[in-house]
Every structure is written in C-alpha cells, then in structure tokens.
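The structure under discussion appears below in the form of structure tokens.
The values are calculated or read from the model by the stated rules, or taken from the named source; none is laboratory data. Keep in mind that what you see is a predicted model, and the values were worked out from it rather than measured. Using ideal geometry, Cβ is built from the backbone for each residue, glycine included, and neighbour counts are taken over all protein chains shown.
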C-alpha cells in the first residue's frame, strides 16, 4: 500500500493541510515566510496550538481547521517564548518587553484572561517553561538571571524569585521532573543545575540524585561548554541532562546518587542545535540551523547520533547515459550553469520541510513538532 | 614515493598533538612559532600525502588542523591554493561542524 501512495499528494477536504507520505510529517504554513513563527505551544489535548508570528501577538488556532480562535496584543514587544501546561491549561508567554503573561481560559465567559507577571528583569525575557507540576514557571532572560515565578494566593498574583549567578544571557531552561530543580544554559559557556525549591509552593524539599539539598538559587552542578549553551533538556526520569553548544556539540550528563556526574561529549559534523527535547530516557531530538531534526539515541552505555528525521525523497534521476542526447544536455548545463547536472539538481536544502532554522521544538503526543522563521509548523511522526 | 617524505606526515600529526597546550595559553609568540612549524610541514606534503594525513586524523585533530588552515589563509601566500584544497578535504571528512568550531572556539591557534 505504501508503494502505491508514495509521491502522490492526497487531496484534503480540510483547508491548508499538505500531507507528505514520504517523510511522515505534516506541514502547515501558519504565516508567510516573510513573517515567520517565533514560537508555538500545544493545548493540553493538542486540539489547539498557540503561536506568535514574530511579533507581540499571541494567536491561538484550531489544530484541525486552522481557524483562528483567539488573538491578542497584550505584550509590547516581540514574544520570545511560550509554554502551555498540559494539566492546568495555563498558557505563559514571555517577551522582549521584560514581562510575562499567564493566560487563563475562563470557562464561563469563554475568554482568555491575561495576568501580567512582573519579572523584575531589566532586559528581555528569552525563554519560559512551566515546571512539570504546573505550579511555577522559569524564565530565561538577557539580564543574566532566571526569575522563578509562582502564584501567591493571598495577593492573587504571580511573584518572581530570582536565580542569579549567570554571567551572560540565559538561553535555555529545563525543569527536572521533580519540579524543584531547574537546569539552565547560558551564553557564558556554561550549563548549570539550580535549586528552585520555593517553600510554601513545593512540598518537602528533595534533592534527587544530589547528595544534599541546597538553598534556592544555589547551584547543584555546573558544566563547561566550548560554545554558547543554547539549549538544555532533562530526560523524563531526571537521570540525564543534555545541553547543546554553539560549537556544534551536545553533552549528555548522567547523574547517579552517590557518585559525581559523568559527562559524555559529542562533537558532530553538522550545524549547531538550538533546541533539545527528550522523546524518552534513551532518545533525544535536537533541532537547529540545519533545519532538520536530529535524533540521538542511547545504546547500552553511551549516546550517539542516530539519524536526521527529514529525508530526501529518492528522485528518479535520468541515468547519465552515454547517448548523444544526454551528453548534449550535460554540456548545455555546464555552459549555462557551471555544473554538469544543472542548477536545481544540487540544491541541498530545497527538499526539506523547513526552510529556516528551527527555533521552537515542542512535544506533540508521542512525537514532536517544530516551528521556524519560515512560517511553518511541522508535526513529525 | 620517497620514504623520507613520509617524515613530514607524522611531523604534521605530532605538531597537531602538541597544539592543545599552545591553544590554551595566551602567548601570542608561542602560537605564532608553532603555527610557522605547522605551515612549514604542510608545505612539504604532496597532494596525495595531504589526503592520507586527512584520512588518518581523529576528529579533534581534524578540528585543530582546520584552525591552522584558516590561520594560514589569513595572509596572502603561495601556500594558499594548497590550503584551500586542504580545507575542502577536511570539510568533506569532518563536516561543517568543524568550521563552526573554528569560529566558535575561544581557544585559538
């Protein structure tokens, strides 16, 4: 059955869907490539997706009909990141305007209500992630600090508590599954693991694989990176921390109670990754400037690059026969374009789903989705 | 093939192995001196030998050699055509990631 359908675009009744049978991915052009998608986030049941078109707008669209359900311009400047918690249904957005908004969907009035969160940073917010239990969120900022925000019931608003210690912009944020430990990646060439325990919000303090619990804002561990640490990610069981460096490297740190962390560095041959996501405890996907998600897998003891997800469809290239016609064509191509195969043949990236650096990577059901300044949202199988 | 010429291939590899210590320091004179030695050894390699050297390199050594190639290309010299060929061979084996590391690594040659 696959052989019969390969290469044939199946017409869709729904607007805008293009289903590529070859590489098992769904591509949706959310906005024009001249605008681009800055970031996106899925609703708890994946029926809606929120995104920002590289501006101060939040848009929420239906994931099947792509009809726009909501649009708002609460932020003053471009929205750098957003995160939608799968249980609380809170959407948090952060922006270069140094603020964050927590959006709450009022079921009675059927509207989204934003709550401003004063982060108390004097530079742009770059990244935001909900803790796994949905009680706090962490914001990475250019102000070299990470506000950890939680809801204060008495005052009915969100307050921030600052993690400092960074020497430069904080580019990546990842929560440990216990919601009390957070890892950060910064452009000061380091990845750090901090305590984000907030008494009154979290229950009893736990220190996971670390010997002793420390105070809020203190480091549990620090790791070096030869390039800016663009992204960090924790495995689902919390035993492995991955961070990606701008020097085309990825590092896997394995934590075990009672022993020091073990770092495994992989310097790869392709362009740097800027986003990381663990698909399981032994599988990680990274995405970045190659516009193609890269899978890393853990085999027995160590991690290694497995494959790129997007694959070039095998095209039936006219075999370089030795008959007169093909030789004529070859010489004509060499005359016109300088290469024997012709101008389009060697186009190394035109076949890819994404035509721009992948800047946002989110979990989608058991797989993942990516968005890029090329304006596309791609769901990968 | 002159067996004496093989000496230069292992000389290049030896110099690459010594490089990390020099890269880590801030001594510009030491870096310059070591670079001159590397360029001198590279000049003695034929095209085929250069290919052999590249084939036998580990990724870390490949990154270091690429850094020297880029340093060599910074000044106009008769060696530049050879450096361009060497750069192409190195990138073919180690990928654009090695070029990214030439640009991103704060430890320079």
Problem set entry | Restricting segment B:28-37 to residues that are surrounded by 15 or more Cβ atoms within 10 Å (Cβ to Cβ) and farther than 14 Å from residue B:14 by Cβ, the residue that is farthest from the chain's Cα centre (by Cα) | B:31
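Residue-wise test of (1) at pLDDT 85 or above; (2) loosely packed, with under 15 Cβ neighbours inside 10 Å; (3) assigned to a helix (DSSP H, G or I).
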| site | (1), (2), (3) |
| --- | --- |
| A:303 | yes, no, no |
| A:306 | yes, no, no |
| A:318 | no, yes, no |
| A:328 | yes, yes, yes |
| A:351 | yes, yes, no |
For this session: Scan segment B:79-92 for residues that are surrounded by fewer than 16 Cβ atoms within 10 Å (Cβ to Cβ) and within 14 Å of chain A (Cβ to nearest Cβ) and report the count.
Result: 1
Problem set entry | All positions within segment A:121-151 that are more than 22 Å from the chain's Cα centre (by Cα) and in a strand (DSSP E or B) | A:150, A:151
Exercise. For segment A:54-70, which residues satisfy the criterion of being over 20 Å from the mean Cα position of the chain (by Cα) and either under 20 Å from residue A:358 (Cα atoms) or in a strand (DSSP E or B) (or both)?
Worked result: A:62, A:68, A:69, A:70
Seminar exercise, completed: residue A:103 passes all but one of the listed conditions (1) closer than 21 Å to residue A:131 by Cα; (2) out of contact with any strand residue (DSSP E or B) (no Cβ under 9 Å at 6 or more places or on another chain); the exception is number (2)
For this session: Only residues that are farther than 15 Å from residue A:183 by Cα, more than 14 Å from every other protein chain (Cβ to nearest Cβ), assigned to a strand (DSSP E or B) and in contact with a strand residue (DSSP E or B) (Cβ under 7 Å, 6 or more places away or on another chain): list them for segment A:264-287, please.
Result: A:264, A:279, A:283, A:284, A:285, A:287
Problem set entry | Count of residues meeting criterion [within 14 Å of chain B (Cβ to nearest Cβ), out of contact with any helix residue (DSSP H, G or I) (no Cβ under 6 Å at 6 or more places or on another chain) and closer than 17 Å to residue A:173 by Cα] in segment A:218-250 | 8
Problem set entry | Subset of segment A:42-53 (residues that are part of a strand (DSSP E or B) and over 15 Å from residue A:105 (Cα atoms)) | A:51, A:52
Exercise. Is it the case that segment B:37-59 has a residue that's touching a strand residue (DSSP E or B) at 6+ places or on another chain (Cβ under 8 Å), within 12 Å of chain A (Cβ to nearest Cβ) and without any contact (Cβ under 8 Å) to a residue 40 or more places away in the chain?
Worked result: yes
Exercise. Tell me, which residue of segment B:38-78 that is touching a helix residue (DSSP H, G or I) at 6+ places or on another chain (Cβ under 6 Å) and more than 21 Å from residue B:95 (Cα to Cα) is surrounded by the most Cβ atoms within 10 Å (Cβ to Cβ)?
Worked result: B:38
Exercise. Applying the selection to segment B:93-109, what residues are part of a helix (DSSP H, G or I), crowded, with 18+ Cβ neighbours inside 10 Å and in contact (Cβ under 8 Å) with a residue 24 or more places away in the chain?
Worked result: B:94, B:98, B:99, B:101, B:102
Exercise. Given the structure, is residue B:64 within 14 Å of chain A (Cβ to nearest Cβ), in contact (Cβ under 8 Å) with a residue 24 or more places away in the chain, assigned to a helix (DSSP H, G or I) and within 19 Å of residue B:14 (Cα to Cα)?
Worked result: yes
